[in-house]
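The values are calculated or read from the model by the stated rules, or taken from the named source; none is laboratory data. All values reported here derive from a predicted model rather than from experimental measurement. Every residue, glycine as well, gets a Cβ built from its backbone with ideal geometry; the counts of neighbours run over all protein chains shown. The area values use the complete protein model at the heavy-atom level, side chains included, leaving out ligands, DNA and RNA. Shrake-Rupley method; radii C 1.70, N 1.55, O 1.52, S 1.80 Å.
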Amino acid sequence: MHYFMAFIFYLGVLGRCSCFKSPSRPFLPSIRSSTTSSRLQYKDEDDIGFHPTTFAGEELIPKGQLPIAEYRELLELPFFDWPTKEGLHTKLLTLYSALALLISYPISCATYTLPGYLLPKLTSSNLGSLSITLLFVLRLFSGWSYVASRLKSDYIVYEETGWYDCAVEKKSLESRIRDKMTYRESVEPAVTKMKGFLLGLSVAWVLSCASFALSTHAKPMFNEYQPDFLNSLITNDMMAGVAAEQSHGRPTYCDSRYYKVLAGSAQGCNTNKNTRGEGETIYY
């Protein structure tokens, strides 16, 4: 008798354990509701495209203001699906390069027209392109953050007919489960990714501001033998003064053997010097 009871108990344990065996085909969770009862069920992979219908309590809310509808609408907007795909850094780098080549650098060249200002041109175009890229990522982050807050909340704030009649409706149990599952599986990874990019771009933007400030205070780098530069000295007194200051009172052809031969004289280029008075140096 005891052996028979033990055998029956062993069969019962095997029967219970077989309920926990993994299915041969993958299952995806979805939510269904009915007028009499609501329950969390599992659907086969053939029904992945299934979208839950409106749950109880959501009939009065405009469909476009439901959090799940706002999430789907966000994915259909231009560029807002970038955080959900691979290669976001490549797309942002392409955007930055296009802005730098097509917009920022031409504006910098039109701003710094005098020769010797290559460094300010590069730093200003970098700062402009990086600023637009940062604002672009910030716009993406704000849209995803708004949808994330709507999905995580247990209440739905909506407008019945306009901005003047705001109303609040508590989500049903099915709505909360659906929205929070959507947030954890799809929205939270995108928001986390955007936070990382925002942090990196913010640090790069601060460094770009510092480099631009340093480049504008640095002395311009002139090529004193360039023909365009020599012609500009005739009409630009400020540039001529800067060139004279950098030459320390010596003729500019002294540093070039070619132009020294053309000048036919090395007068004023000797390294020996005498000092007359305070701060006055004479080269001979």
Hits in the range 139-172 (condition: of a type in the set (D, E, K, R) and part of a helix (DSSP H, G or I)): ARG139, ARG150, LYS152
Test for SER175: is it open to solvent by 30 Å² or more (accessible area, probe 1.4 Å) and either part of a helix (DSSP H, G or I) or touching an Asp or Glu at 6+ places or on another chain (Cβ under 9 Å) (or both): no
Cross-chain or 6+ apart pairs with Cβ under 7 Å, the range 188-208 first and closer than 27 Å to LEU151 by Cα, then open to solvent by 80 Å² or more (accessible area, probe 1.4 Å): LEU198/LEU138
Residue match in the range 203-218 (condition: at pLDDT below 85, of a type in the set (A, V, I, L, M, F, W, C) and out of contact with any Gly (no Cβ under 6 Å at 6 or more places or on another chain)): yes
Enumeration of residues in the range 109-138 that are within 26 Å of THR90 (Cβ to Cβ), open to solvent by 30 Å² or more (accessible area, probe 1.4 Å) and either among the polar types (S, T, N, Q) or not in a helix (DSSP H, G or I) (or both): ASN126, SER131
Every residue from the range 82-108 that is loosely packed, with under 15 Cβ neighbours inside 10 Å and farther than 30 Å from GLU188 by Cα: LEU101, LEU102, ILE103, PRO106, ILE107
